[in-house]
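Report on the following structure.
Laboratory data are not the source of any read-out in this text; all were calculated from the coordinates shown. Quick caveat, the model's predicted, so the values are computed rather than measured. Using ideal geometry, Cβ is built from the backbone for each residue, glycine included, and neighbour counts are taken over all protein chains shown.
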Amino acid sequence: MASDVEQLAGGYWRGVAEHFITAQINKSFFCRPYLKLGQCFGLWGYHFELGGMLGSKHRAKLDAFLHAFVGMSGEAGAAERFVVAVANKILDQRSLHSMNQRDYVAAHLGDRCSYYKRDNWHYLLMERGADKIPPHVAAKNAWFYAEDGAALGAVAPDVVRAMFERTHVPVPQEKWQQMHDSGLGVGPEPLAPRSYEDDQEKENKIFMEYCREFSPDDRSPVGIIRRAVSLLVRRRNLAR
């Protein structure tokens with residue numbers, strides 16, 4: 001019988017998630033491997049961001065895009081109906097014009113799990129950032145956030161861009177240190193300013209290379225490992 005992870009759809013999102021989880025996973029003799037909630041915020045927020053940027057970039061060819069990105073397929077036009085329905089639900093339920101990506105993840109998580117309800121995602125992570133999340137749960141949620149981001153990017157690209165810019169505003173050193181100490185998957189020093197256009201082009205370049213080389217239906221362990229290694233190499237090359 002297939003495991004929870006094996007039952008998830010193939011596609012580009014999965015190679016990205018597998019690479020992140022493999023690099024960040026915590027292991028112990030006394031418990032099963034896990035990610036901290038703080039690390040998952042980085043994984044989930046990034047998948048929402050990635051979906052938004054790529055969904056905006058490929059909104060004219062949604063059937064092909066969703067198949068390659070999240071492994072979804074159907075009759076012609078099904079992808080457009082899906083993203084419109086998902087995006088409209090998000091826009092109806094959330095006031096996104098003041099949110100960044102971490103705000104969205106925190107609000108969505110709080111809706112599903114009452115013990116994670118918090119007015120501020122930063123304080124949520126300070127209180128619960130060390131909570132242990134099984135890898136298959138981390139991956140499943142990454143899939144959901146990738147879909148949400150892709151839908152929102154296809155329908156409301158300006159909203160996605162504004163959320164990106166609010167997410168990546170310069171962070172004071174003291175606040176960054178608190179984020180790092182709380183378990184959020186960030187480095188010890190604040191990141192350099194980021195450009196939406198530059199990030200979108202870099203992410204799309206890697207995605208298009210994936211589309212040329214790999215089938216989104218390849219869910220085998222070997223296929224996942226190949227994609228993860230390939231993505232790691234390409235990300236390092238782009239960072240140089």
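Do we have any residue at all in the range 167-184 that's assigned to a helix (DSSP H, G or I), out of contact with any Phe, Trp or Tyr (no Cβ under 8 Å at 6 or more places or on another chain) and within 20 Å of Gly52 (Cβ to Cβ)?
The answer is yes; a qualifying residue exists.
Would you please name the residue that is nearest to Leu125 (Cα to Cα), looking only at residues in the range 90-108 that are more than 14 Å from the chain's Cα centre (by Cα) and assigned to a helix (DSSP H, G or I)? Give the steps one after another, and end with the answer.
The first filter runs over the range 90-108 and keeps only residues more than 14 Å from the chain's Cα centre (by Cα), leaving 90-99, 107.
With the extra rule that they be assigned to a helix (DSSP H, G or I), the set shrinks to 90-93, 96-98, 107.
Details: Ile90: 23, Leu91: 25, Asp92: 26, Gln93: 23, Leu96: 21, His97: 23, Ser98: 20, Ala107: 13 Å.
Among those that are more than 14 Å from the chain's Cα centre (by Cα) and assigned to a helix (DSSP H, G or I), it is Ala107.
Scan the range 36-89 residue by residue and report those that are assigned to a loop (DSSP other than H, G, I, E, B) and closer than 14 Å to Val16 by Cβ.
Gly71
Of all residues in the range 11-45, which are among the small types (Gly, Ala, Ser) and either over 15 Å from His136 (Cβ atoms) or surrounded by fewer than 23 Cβ atoms within 10 Å (Cβ to Cβ) (or both)?
Gly11, Gly15, Ala23, Ser28, Gly38, Gly42, Gly45
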